Every structure is written in C-alpha cells, then in structure tokens.
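Single-structure report; data block below.
The values are calculated or read from the model by the stated rules, or taken from the named source; none is laboratory data. Owing to the predicted nature of the structure, the values given are computational and were not obtained by experimental measurement. Methodologically, a virtual Cβ is constructed for each residue, glycine included, from the backbone with ideal geometry; neighbour enumeration extends over all protein chains shown.
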Amino acid sequence: MEAKIASIISVDFNLYVNLKLFALFRSMNERVSLFNLPNILTACNMLSGVLAILFVLLGRLDWAPWFIFLGAIFDWLDGFTARMLKQFSELGKQLDSLADMITFGLAPGIFMMVVIIVAIDLGNPILSENFNDYAAYSVNNWKNALLYGGSKVYTGFYLWLPFTALFIPVLSLFRLAKFNIDTRQSESFLGLPTPANTLFFTTFVLALSFYFSKDGYPSYFVTFLYEPIFLSVIILLMSYFLVTEIPLFALKLKSFAWKGNEIRYIFILISIILIFSTGVWSIALIVFLYLILSIFSNQNRTNKKD
C-alpha cells in the first residue's frame, strides 16, 4: 500500500515538474517572440520618429529629417528580416502600425506645423545668422501668441492655421488601421502609403534648411511654395490621398521585361532625371509623380476595359 502511494506521489510530482517546465519554456518562447529581431527593428523605427519630433520642436530642423530617413530604413528592414527569418506574427503587424503612426503619422504632422509657423513669418526680415535659431525663434513667437496674444505676425486666421497640419496624423491613423485589415493591399496599395506621404512633407523641412540665407529666401519661396494657405491646401490634398481608394501601382518588378513593367520603368527613368535636376525637391516630386502615374495607369486600364 505504501509503495502504491509513493508511486502515485512520484507520478504526480513528475507531472507537476513537467507542467512547470512546460510553462517556463512557453514563457521563454513568448519573450523570444516578443523581442525578436524584426520587432526590435520596429522599435528602432518608433524611436527614430520620436527623436525626429523632439529635434523639430527644439528648432533643429536640419537634424530632424534624417531621423525620418533612418525610421524609413528601419521600417524596410523589419519587414525584410521578418520575411528572411520567417518570423511573421500578429504582434509584429500591430507593432509595425504603432511605430508607423509615430514616425509616419505624428512626426510629419508636427513637421508641417512648424513649417507653417516659419512660413507665416517668412516675408519679414531675418534677424538671425543661424537657421536653427531662426526656426526656434518663430516657434517660440507662435507659442507666445497662442498662449498670451500680443503678436503682430501670428494674429487671427494665421494664428490657428498651423493646426491644419494635424490632418496628417488623424488621416494616417485611419490609413494604417485600414491597411491592417484590407486584404486587397497585399501586392499593391490603395491610397498613398504613410511613409511616402511623410517623405513628401519632409522635403519642405529640408528645403527650409537648405535654402536659408541671412538675406532671406528666394522670392518663389515666400510668394508660392511656402505661402501658408498653399501649404495648408497641400496638406489637405495629400492627407486625402492617404484614405482614398485610388490604386497605386506596385514598385516590385516580377521580371525585367518591358512588357507589363512599362509604368515602372517610366517612373524609374523620370525619378533619376528629377534627382539630378531638382536636388532636394526631388523627393516630393517623385512622390507626386508616383501619384500622377498611378492615376494615369488606372485611367488607361479603365479605357482598355471599356
């Protein structure tokens, strides 16, 4: 009888130990899955976006865009490593969208808020020798005008105009949520991807820094490209493209043949020309070209069907 009881206790103890070991290994496996390489790269994407926002708010508009570019590299790398290591997961998908919301949603919205703030004051004499001091001075003036009033530059309609930039993160939120559940976008895109939209707006930050001069900006900056109302219209238009149902052609080449890839080769050729001919503005122009060629390609496809 005692031997039988001892045997039962031994079996129960072994079962208990095995269950504990199973729970331990399962917990360790979940931690490995949580902190795998693709997810860590996604976190680096998010940190890049946070740093971009911090630097633009501190007036370092010359540094901030480079963290957006760094975030875009991490965004590509997390998907690439997930495919190479076969580490796809629902968690990774959600983390990717959360990181993209910071780097490619909130960051471009803050960027363009600051750009509009600087643009409102662009026609006045520049009192600083340094671009970063000039940008920080403009942001501080707008902040004081918003909180305490008394500004001769940021008054009435122009005081509130920078808030139109918040359309970017709001519609990016809907874009990213929609992309997660839309099975139609596995091979191509419906609407403008948030990274492309962010690169478009990052150009305006880069150009402000690149063309800065104590003697003032080129006349076309003040009267056209950086006219605050024009910037607001561009923000609304590009934000609309985030959530529209316009199909955009896939950039991946399934073969190197001309037939079936005509629109892609045309896009690549014109993009190369733009890079060498327009410099810093080439980024925004290439994104705009992508939209125009996609609309043209869709229209051409529709006409052929008819």
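Tabulated values for the structure
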{"item": "Residue in the stretch 140-166 that is farthest from residue 104 (Cα to Cα), counting only those that are surrounded by fewer than 19 Cβ atoms within 10 Å (Cβ to Cβ) and among the aromatic types (Phe, Trp, Tyr)", "result": "148"}
{"item": "Residue match in the stretch 234-257 (condition: of a type outside the set (Ser, Thr, Tyr), modelled with pLDDT under 90 and assigned to a helix (DSSP H, G or I))", "result": "no"}
{"item": "Residue count, the stretch 212-243 (criterion: among the hydroxyl-bearing types (Ser, Thr, Tyr) and surrounded by 14 or more Cβ atoms within 10 Å (Cβ to Cβ))", "result": "5"}
